[in-house]
Amino acid sequence: MPVNYQFKVSSSNKVIIPLGEYAYHKPGLWVVCRPKIDKITLTVKDLDPDLQNLVQANLIAAEDEKGPYTSAPVSKKAPYYQTRALLTHEPSGQNALIEAKPKLPGAAFLRMEFNPHKLGKAGISFVYSHLLALLSGAYFLHELLPKVRVTRLDIAVDLIDVPIQDVHVTYGNGGKTLAYFSSVGQLETLYVGKKKSGPAPGYIYDKKQQLLDNGQPLVFKNVSHARVELHVKSSRPLVKLGTLKNPLNKLTVQWPLAGPSLDLTPHHWSHFLDSVRLRGLQAALSLISDGVTRENYAIGFKKGCEENHIWDAQKLWGMWGEVVHGSGLLP
């Protein structure tokens, strides 16, 4: 039977956190969960040409035979492989995308993409068993895994009872910030670090609202549930995933609960935080004409973040080895 933690996050709400997901908390206020691997892309490049032909033929045959395989939807974003299929793990309800024979020269022959956290150990074992079958027994798993490389990794951290509209998120090396609001003006998603091309490397979104919009059950009852995600590009061997350098350091996540030392009504502080999110801290402060008031707001923001230190990248990444070990990616 799984072991759970129960936390009182406010005067009226309690949440249940599975032992394997808990990272740290502030009593009576919030809980931060440990990192989880929300998506991973794996590739295998160095296969014998005859084996490549066999793998493609096996994937086509498996798709034709149906069973756990179905045709992958045509995607304009990923038209780079000739043969594509979805492998469904029924117990978890999760799919693994498997692609073979790239259209571009130099690309890895075999590509897989799935959500390790949702698949779970049993689901990943299921995917690996079918991968070995596609390879027609040419490898044992311990022989194949050193050939597998991680080319993309999505790392997620859940913030429980943290209202997304009060959180200030920045990305280390700059880039654009894009915000998406609901029809009633509620912040739902904030992308940070966006460059001219490609997706934003980091973002925070209202996970609770996403679940409600999709008609899915709430994970943490009716409390606020924000999720921070970071997209990591890589060419790392899968067997060395546990030694990945900490990418969470690139993100700053701040939640100043109130303006300490400021004699303000709550809505004044909320308006200031809205300005910080829209313009950035320094630009928001520059709008305050009175020097003393401006300095008080700056001090209040700094102290508010220090007293409610919610994002500890080092502590979170100290759990990364356990996350990888417990994921089932390296049995």
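Coordinate-derived values only; no laboratory data. None of the values given here were measured: they were computed from a predicted structure. With ideal geometry, Cβ positions are generated from the backbone for all residues, glycine too; neighbour counts draw on all protein chains shown.
Could you let me know the centre-to-centre spacing of region 286-331 and region 119-167, using Cα atoms, in angstrom?
28 Å
Tell me which lysines have Cα within less than 25 Å of Lys103's Cα, excluding those fewer than 8 residues away on the same chain?
Those lysines meeting the cut-off are Lys39, Lys45, Lys66, Lys76, Lys77, Lys147, Lys233.
With springs only between Cα atoms under 10 Å apart, run a GNM on the chain and tell me which of Val276, Val127, Val74 wobbles the most.
Sorting by GNM fluctuation, first place goes to Val74.
If you take the Cα Rg of region 187-327 and divide it by 2.2 N^0.38 Å, with N the number of residues, what do you get?
Its radius of gyration relative to the 2.2 N^0.38 Å reference: 1.28.
Which lysines have a Cα lying under 23 Å from the Cα of Lys303, excluding residues fewer than 8 positions away in the same chain?
Within reach: Lys26, Lys250, Lys315.
For the chain, what is the calculated [θ] at 222 nm in deg cm²/dmol (nearest 500), taking -39500 (n - 2.57) for each run of four or more DSSP H residues and dividing by its residue count?
My calculation for the chain gives -8500 deg cm²/dmol from helical runs alone.
In square nanometres and to one decimal, what's the mean projected area of the convex hull around the Cα atoms of region 39-153?
6.9 nm²
Looking at the square roots a ≥ b ≥ c of the eigenvalues of the Cα gyration tensor of region 173-270, which shape do they give, rounded for a/c under 1.5, prolate if a/b is larger than b/c, or oblate?
Cα axes put region 173-270 in the prolate bin.
What percentage of all Cα-Cα pairs in the chain are separated by more than 30 Å?
Roughly 44 percent, rounded to a whole number.
Dipole of region 39-153, Cα-centred, from +1 at each Lys and Arg C-beta and -1 at each Asp and Glu C-beta, to the nearest 20 debye?
600 debye
Could you size up the charge dipole of region 46-112 around its Cα centre, putting +1 on the beta carbon of Lys and Arg and -1 on that of Asp and Glu, and report it in debye to the nearest 20?
For this selection, approximately 420 debye.
Regarding region 113-215, what's the average projected area of the Cα-atom convex hull, expressed in nm²?
Mean orientational projected area (region 113-215, Cα hull): 10.0 nm².
Mind sorting Lys26, Lys36, Lys245 by how few other Cβ atoms lie within 10 Å of their own Cβ, fewest first?
Lys245, Lys26, Lys36
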